[in-house]
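For reference, the structure is listed below as structure tokens.
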Amino acid sequence: MRPTVFIPNFNGASRIQRALDALRRQSRMPAVVVVDNSSTDDSGQLIRERYPEVSLIELKVNLGFGPALNRAIAATPAADPVILLNDDAIPEPEFTSALVDRLADGLDSVAGVMTQERSPDLIDSAGVIADATLMGFDYLHGEPLAALDGAADPLGPTGGAALYRRAAFDRVGGFDERMFLYYEDLDLALRLAAAGGRCGLASEARAAHAYSASLGAGSGAKYARTGWSRGYMLRRYGVMRDPRLALRVLACEAAIGAGQLLRDRTAQGIRGRFGGFRAGAGLPRRDPGSAPLLDLGARDALALRRRRRGG
């Protein structure tokens, strides 16, 4: 079984070389596909000249993370399993092998582990988890690598270090095309879980990650994108229909929005939430089914959120 690694790229010439060099050193060599979101730097030329083994798909417009990957995966029908890797992630030599080995357990998706590039002994993300309001969190973020020993499986993989069985990915329709960036991995994890899919953690599948290298951790552009996706998911999954959940959502989102206003002097996250919520109107309602969701109060959810500066 030869996996295919898909890397979405946007103006990543200064980052993607490290990822591609590391993929050349894998113990289980994958095929590699880079899907370029209409970069304006020399990413395409660099890949064609230095990495002739890489299949390069160049889009004419920037479609965003999930839609670009959908196009690339659809254009590569033999890819199975599908592995996703961020262009700012550097996989260790056993990355692809450790992910693929977990398929022997009958899983539909596998979560890799992203470590913090500046603090390599700390976990950046070991997958995605969510509470009953569908607020998403990076699993084990900030914990030492020792926390991986005996750790439970997450809800799903983070999009920057993920494996999907092709049949499972296709069965649920891949990524939601309406979601440009952020939370698309959580939405996909919820739909896979609702369809009866199982995710497992591959603790030895590790990649060093430069967090938010593209948009910046505290940028208004990032808050706009995360806010839109958060609002969209609240509407699409009907979270606000439950009065108890709605009160918790309002308390948490108000606190997050106020924090962005005070700390980063931007209201883009607030505007993004309203835009995403409007965009979810009239669409078929999604049901997370029996997806394993955390039972958290607003205070605990915000405490987890503060561990990762974001929107």
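Assorted remarks:
- Sorting 130-140, 17-27 by average packing, meaning the other beta carbons within 10 Å per residue, from highest down gives 130-140, 17-27.
- Split the chain at each of the GluC sites (Glu not before Pro) in a DSSP loop with at most 15 other beta carbon atoms within 10 Å, and the longest piece is 178-311.
- Cα long-axis angle, helix 243-264 against the chain (0 to 90 degrees, to the nearest 10): 70
- Across the chain, C-alpha contacts under 8 Å between residues 6 or more apart give a mean separation that, scaled by the residue count, equals a relative contact order of 19 percent.
- If you wrap the tightest convex hull around every Cα atom of the chain and split its volume per residue, you get 125 Å³.
- Förster-model FRET efficiency, 35 Å R0, Leu145 and Arg25, C-beta, rounded to 0.05: 0.95
- Taken over the alpha carbons of the stretch 28-127 as equal point scatterers, the Debye sum produces base-10 log I(q)/I(0) values at 0.14, 0.19, 0.23 Å⁻¹ of -0.66, -1.15, -1.39.
- Qualifying trypsin sites (Lys or Arg not before Pro) in the stretch 112-181, where qualification requires a DSSP coil assignment and no more than 13 other C-beta atoms within 10 Å, comprise Arg118.
- Restricting the stretch 219-279 to trypsin sites (Lys or Arg not before Pro) that sit in a DSSP loop and have at most 16 other Cβ atoms within 10 Å of their own Cβ leaves Arg265.
- With eigenvalues of the C-alpha gyration tensor scaled by 5 and rooted, the stretch 1-45, Å: 22, 12, 6
- Relative to the current alpha-carbon distance between Leu262 and Arg50, full extension at 0.36 nm per residue lengthens the span by 71.8 nm.
- Folded to 0 to 90 degrees: helix 268-279 orientation relative to the chain principal axis, Cα: 90
- Sequence-distant contacts, meaning Cα pairs under 8 Å at least 6 residues apart, place the relative contact order of the stretch 1-100 at 44 percent.
- Debye intensity ratio I(q)/I(0), log10, the stretch 132-254, q values 0.11 Å⁻¹ (C-alpha model): -0.44
- The calculated P(r) of the stretch 220-306, using every Cα pair and 5 Å bins from 0, goes 3, 14, 21, 26, 21, 11, 4, 1 in percent.
- Of the peptides 290-297, 122-129, the ranking by mean beta-carbon count within 10 Å, highest at the top, reads 122-129, 290-297.
- Degrees, to the nearest 10: 184-194 long Cα axis against longest axis of the chain: 80
Throughout, read-outs are computed from the coordinates displayed, never taken from laboratory work. All figures in this text were calculated on a predicted structure; none of them were measured in a lab. No Cβ is skipped: glycine too gets one built from the backbone with ideal geometry, and neighbour counts run over all protein chains shown.
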